[in-house]
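**Student:** Quick one: structure below, then a few questions.
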Amino acid sequence: MNQNIERIEVYLDESKEPLQVLTSPPFKVTLDTRQIPDGPHTLRIVAAYRGGQVEEEVIDFEVDNLPSPFVDGLDDGQQVRGPIEFEVVTGDYAAPKARGGLSILGALLSAVLVLGLVWFYFAFAPSAREIVKEAAAAPAAEGAAHEGGAAGDAAAGKDLFAAQCASCHGANAEGGFGPALAGAPIVENADQFASIVKNGTGGGMPPFAQLSDQEIADLLAYLGSLGGSASSAEVAAPAAASAAVDPAVMSEGKKLYLASCAGCHQPDGSGIATFPNLAGNENLADKDLVIDRILNGRVTMPGFGGQYDDEQVAAIATYIRNSWGNAFGPVTPDEVAAKR
């Protein structure tokens, strides 16, 4: 449980007043559907964190209470004589309903977890990036190789991407519901990429086992041709770069980090739940990735581009890239401005 949560407010439908306000764990919501009309409804969960961060999740659900009383053994308008016996049947709210499903709160937590895991894997998970070796694979223009060594056709991959992937990852692989894939580090690891495509992520991405090795190679060739990945020099993260970091910038970055980021990523960068660790995280070597995440956020993470100016964003990026065992060098305000 995240101890940095200040309160959780639960709203039903269009109500401006919260149904419940939860200030301490366990954050359990009690909802009596007998007090709600049958039909579709919306539950809105607003979590406020210390430091001012606010996150919101909306769950649509439908109320279908058990039927009103009815009579078994005596029909409406029936003619009767003498003693009769009939049974009055009523709905039992304590009885389990025939159809199963998640509770409202369970559905909320599941949704947050799934989105968080997808973002975690593609944004910062160490397994999603592999350091580029000197003897790299064939150039992207000639197509990537994987598993069976098939050479990919970028043109065919583009068509396949549009048909199978663009709805989640964006028309140009710039990202959408799913992460950006244009030149992403995962594209540099053909075997890992093929495994994810065929098996899914266990979260928001389904498996595409129907795709052949050649089709996956085509996808790799197309995504690799888009460029944008970190160079091998950046991934190597030379420790010498940290020597150029301005202590004043680090101090400012720490202050801003503690105010806006530590609630989820923790003061020591260790992370919590679906918020990844930043300490010793090799993915922070990708300067563009770090700037983009701070400016624009990702799924469960809000963006801070509207809250902080270029110098402040650069200070935060510099601080996390050079703290807790990281030594990836400074980020300048001009580099932030170029990404806005």
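**Student:** Which of the residues spanning segment 323-340 are among the charged types (D, E, K, R) and at positive phi?
**Tutor:** None - no residue of segment 323-340 is among the charged types (D, E, K, R) and at positive phi, so the list stays empty.
**Student:** Could you look through segment 138-171, keep only residues that are modelled with pLDDT under 70 and in a helix (DSSP H, G or I), and pick out the one that is nearest to the chain's Cα centre (by Cα)?
**Tutor:** Once the filter is applied, the top-ranked residue is ALA140.
**Student:** Among the candidates ALA317, ALA337, single out the residue that is of a type in the set (A, V, I, L, M, F, W, C) and surrounded by fewer than 16 Cβ atoms within 10 Å (Cβ to Cβ). Break it down stepwise before answering.
**Tutor:** Numbers: ALA317 fails: surrounded by fewer than 16 Cβ atoms within 10 Å (Cβ to Cβ).
Step by step, each of ALA317, ALA337 is checked, and only ALA337 is of a type in the set (A, V, I, L, M, F, W, C) and surrounded by fewer than 16 Cβ atoms within 10 Å (Cβ to Cβ).
**Student:** May I ask you to list the residues in segment 10-41 that are outside any loop (DSSP other than H, G, I, E, B) and farther than 16 Å from GLU62 by Cβ?
**Tutor:** Residues satisfying the conditions are VAL10, TYR11, GLN20, VAL21, LEU22.
**Student:** Can you tell me which of (1) under 26 Å from ALA182 (Cα atoms); (2) in contact with a Pro (Cβ under 7 Å, 6 or more places away or on another chain) is the one GLY329 doesn't meet?
**Tutor:** Only one criterion in (1) under 26 Å from ALA182 (Cα atoms); (2) in contact with a Pro (Cβ under 7 Å, 6 or more places away or on another chain) is unmet by GLY329, namely (2).
**Student:** Would you say VAL249 is in a helix (DSSP H, G or I), surrounded by 15 or more Cβ atoms within 10 Å (Cβ to Cβ), touching a helix residue (DSSP H, G or I) at 6+ places or on another chain (Cβ under 8 Å) and at pLDDT below 90? Spell out the reasoning first.
**Tutor:** Details: in a helix (DSSP H, G or I): yes; surrounded by 15 or more Cβ atoms within 10 Å (Cβ to Cβ): yes; touching a helix residue (DSSP H, G or I) at 6+ places or on another chain (Cβ under 8 Å): yes; at pLDDT below 90: no.
Considered against the rule, which asks whether it is in a helix (DSSP H, G or I), surrounded by 15 or more Cβ atoms within 10 Å (Cβ to Cβ), touching a helix residue (DSSP H, G or I) at 6+ places or on another chain (Cβ under 8 Å) and at pLDDT below 90, VAL249 comes out as no.
**Student:** Does segment 198-210 contain at least one residue that is of a type in the set (S, T, N, Q), outside any loop (DSSP other than H, G, I, E, B) and either farther than 16 Å from ALA221 by Cα or at pLDDT 70 or above (or both)? Give the derivation first.
**Tutor:** Going through segment 198-210, the residues of a type in the set (S, T, N, Q) turn out to be 199, 201, 210.
Still in the list and also outside any loop (DSSP other than H, G, I, E, B): 199.
Adding the requirement that they be either farther than 16 Å from ALA221 by Cα or at pLDDT 70 or above (or both) leaves 199.
Yes, that holds for at least one residue.
**Student:** Tally the residues that are touching a Lys or Arg at 6+ places or on another chain (Cβ under 6 Å) and either within 19 Å of GLY305 (Cβ to Cβ) or charged (D, E, K, R) (or both), restricting the search to segment 264-289.
**Tutor:** Taking segment 264-289 first, the residues touching a Lys or Arg at 6+ places or on another chain (Cβ under 6 Å) are 283-284.
Next, only the ones that are either within 19 Å of GLY305 (Cβ to Cβ) or charged (D, E, K, R) (or both) stay: 284.
Residues meeting the conditions: 1.
**Student:** Enumerate the helices (runs of 4 or more DSSP H) found wholly within segment 258-340, keeping only those where 2 or more residues are at pLDDT below 90.
**Tutor:** Output list reads 262-265.
**Student:** Would you call ALA236 over 24 Å from ARG293 (Cα atoms), at pLDDT below 80 and over 24 Å from the mean Cα position of the chain (by Cα)?
**Tutor:** Here the answer is no, as ALA236 does not meet what is asked.
**Student:** Give me the pairs: first residue in segment 314-340 and assigned by TED's automatic domain parsing to the domain that holds GLY297 and under 18 Å from ASN296 (Cβ atoms), second residue in a helix (DSSP H, G or I) and among the aromatic types (Phe, Trp, Tyr), beta-carbon distance under 8 Å, and six or more apart or on different chains, which are they?
**Tutor:** Once the first residue is assigned by TED's automatic domain parsing to the domain that holds GLY297 and under 18 Å from ASN296 (Cβ atoms) and sits in segment 314-340, its partners that are in a helix (DSSP H, G or I) and among the aromatic types (Phe, Trp, Tyr) give ILE316/TYR257; ILE320/TYR257.
**Student:** Same structure again: Just one of GLU130, GLU188, GLU174, GLU215 is surrounded by fewer than 20 Cβ atoms within 10 Å (Cβ to Cβ), at pLDDT 70 or above and under 21 Å from ASP292 (Cβ atoms); which is it? Working first, answer last.
**Tutor:** On the way: GLU130 fails: at pLDDT 70 or above; GLU188 fails: surrounded by fewer than 20 Cβ atoms within 10 Å (Cβ to Cβ); GLU215 fails: under 21 Å from ASP292 (Cβ atoms).
Only one candidate qualifies: GLU174.
**Student:** Let me ask something else about it. Can you pull out the residues in segment 5-47 that are buried (at least 16 other Cβ atoms within 10 Å of the Cβ), closer than 26 Å to CYS261 by Cα and not aromatic (Phe, Trp, Tyr)?
**Tutor:** Hits for segment 5-47 are ILE5, ILE8, GLU9, VAL10, LEU22, ARG44, ILE45, VAL46, ALA47.
The values are calculated or read from the model by the stated rules, or taken from the named source; none is laboratory data. Since the model is a prediction, treat every value here as computed from it, not as a measurement. Cβ sites come from the backbone with ideal geometry, for glycine too, and all protein chains shown count toward neighbours.
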